[in-house]
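What follows is a set of notes on a single structure, which appears directly below.
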Amino acid sequence: MKRAMALRTAVVLGGVLGFCASAPAGVEYLFTLVDAFTPNYDLRECYIYDINDRGVACGTATIQRQSNITYTGFYWTLAGEKTAVELSWPRGISNTGLMAGVAQIYNINTGQFTNMPLLPNTYYPLVLLGINDQGVAVGYVQTCNCSNSQGLLQVPYVWDAGNGARSLPVAGATGAARINNNGMVVGWIGGNSMPNGYIYNLNTGQQIIVSSLFAGPNVQTTAVDVSDNDVVVGWRKNENGTMSQGYTWSAAQGVSLLPLPPPGYQPHVRTASINRSGVIVGSIYTPTASSRAFVYDPAHGIRDLNTLTIPSPGFVLMTATAVNDNGWIVGYGYGGGGMYKSFVLRPFARGDLNCDGVVNNFDIDPFVLALTDPAGYAQKFPSCDRMLADINGDGVVDNFDIDPFVALLIRP
């Protein structure tokens, strides 16, 4: 309390006024565009697929090497932007800095690669799609040295340093998509259309075929992600294929259906990711079948993310691929020059000036710095945004934010 009052007195007596442009009312996420490594190349591409709880994302982008344009894996941070990694198509990243890609795992902290061994009677490609904090990676590996255009000639693949490589005893399974920190795996049965999903517990061997959780015949029932509190998310087509509805499942709560998109969108939902708070992201579709990234939470339903942020001019958020436990959302879209680019969305959490996820006395000094020295604040807190000091939401950072900030600190 004393420190908060000292803050108010010091800032008011200093007569500090500061301002900068900010998001208007209704905007809930700060937008960051992530472009390819060669921004002046007309056909550049950049895709972010996953983000961990420390704000490190991974993906693939075009890069120019000598006179050739090729693809490279990368990891991204708000402070450091992109760092190229010679890892093909990394699709998963753990909180411990492990990136899972094609036939390899890369450790961001050590710079070391681990090559994945083949299973008996399997062949490359061997593709990893997810990895947890214990270093257990999942994906799929091909079962013939031949064309596999329909995605039928492959099996799930699981690897960790202690147990090595193995598959999963799920009848007809052709891939494993994600694994959480409790050893729960979700994957699919059948070809590239993923007509059915499964849930498999590495610790107990228990397995569930997802379509069996629903009444009526299965047309397509996917399982695409599982949170660390063991909630599975996916989507299911109705009997005649005219509607796709998202769902969640947990052992405690059973199946819960997500609402359909609001008016102005087709009745189709493609979920992609879920976090511990039950926030879900993925894609919905306009009447002309153009995809739009969405976010869902129980309080607000399904919402188009393009309406909740301010993207770069001409850029459309097409699909959201992952959401972390801090609510950061990643995905990719199109427009604004070039081809596909990616985005990172951060929740607009006013008052958390040091970006540690809570508002407390440790935010006082950053708040004062944001008011008095914008450049100094940007340098000391490169992963934050100065507009988090706009506590009263009037679009400027100034003395009128002091009392609301003090109120945040002393609230029960």
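The values are calculated or read from the model by the stated rules, or taken from the named source; none is laboratory data. Quantities reported herein were computed from a predicted structural model and do not represent experimental measurements. Virtual Cβ from ideal backbone geometry, glycine too; neighbours counted across all protein chains shown. In case anyone asks, the SASA skips ligands and DNA or RNA and just uses the protein heavy atoms, side chains included. Shrake-Rupley method; radii C 1.70, N 1.55, O 1.52, S 1.80 Å.
Residue-wise test of (1) over 23 Å from ILE209 (Cα atoms); (2) among the aliphatic types (A, V, I, L, M); (3) in contact with a Leu (Cβ under 8 Å, 6 or more places away or on another chain).
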{"position": "GLN266", "(1), (2), (3)": "yes, no, no"}
{"position": "ALA299", "(1), (2), (3)": "yes, yes, no"}
{"position": "ARG303", "(1), (2), (3)": "yes, no, no"}
{"position": "THR319", "(1), (2), (3)": "yes, no, no"}
{"position": "ASP325", "(1), (2), (3)": "yes, no, no"}
{"position": "GLY338", "(1), (2), (3)": "yes, no, yes"}
{"position": "LEU345", "(1), (2), (3)": "yes, yes, yes"}
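Can you say whether GLY331 is of a type outside the set (A, V, I, L, M, F, W, C) and either buried (at least 21 other Cβ atoms within 10 Å of the Cβ) or in contact with a strand residue (DSSP E or B) (Cβ under 7 Å, 6 or more places away or on another chain) (or both), as far as the supplied structure shows? Yes; evaluated as a whole, the condition is true for this residue.
Taking the stretch 157-178 as the range and being in a strand (DSSP E or B), in contact with a Gly (Cβ under 9 Å, 6 or more places away or on another chain) and not hydroxyl-bearing (Ser, Thr, Tyr) as the test, the residues that pass are VAL158, TRP159, ASP160, ALA173, GLY175, ALA176, ALA177, ARG178.
Residues that are farther than 18 Å from ALA100 by Cβ and modelled with pLDDT of 95 or more number at least 3 in the following strands (runs of 3 or more DSSP E) confined to the stretch 179-228: 196-201, 207-209.
Residue under question is ILE310, and the condition is that it be in contact with a strand residue (DSSP E or B) (Cβ under 8 Å, 6 or more places away or on another chain) and either outside any strand (DSSP E or B) or open to solvent by 50 Å² or more (accessible area, probe 1.4 Å) (or both); does it hold?
So ILE310 passes the test.
Would a scan of the stretch 367-378 turn up a residue that is modelled with pLDDT under 90, loosely packed, with under 14 Cβ neighbours inside 10 Å and under 27 Å from ALA57 (Cβ atoms)? No; the residues of the stretch 367-378 include none that is modelled with pLDDT under 90, loosely packed, with under 14 Cβ neighbours inside 10 Å and under 27 Å from ALA57 (Cβ atoms). Tell me yes or no: at least one residue of the stretch 256-264 is part of a loop (DSSP other than H, G, I, E, B), closer than 29 Å to ASN132 by Cα and among the hydrophobic types (A, V, I, L, M, F, W, C). Taking every residue of the stretch 256-264 in turn, at least one turns out to be part of a loop (DSSP other than H, G, I, E, B), closer than 29 Å to ASN132 by Cα and among the hydrophobic types (A, V, I, L, M, F, W, C). Output yes when any residue across the stretch 96-111 is free of Cβ contacts under 8 Å to residues at least 24 places away in the same chain, at negative phi, in a loop (DSSP other than H, G, I, E, B) and surrounded by fewer than 15 Cβ atoms within 10 Å (Cβ to Cβ), and no when none is. The answer is yes; a qualifying residue exists.
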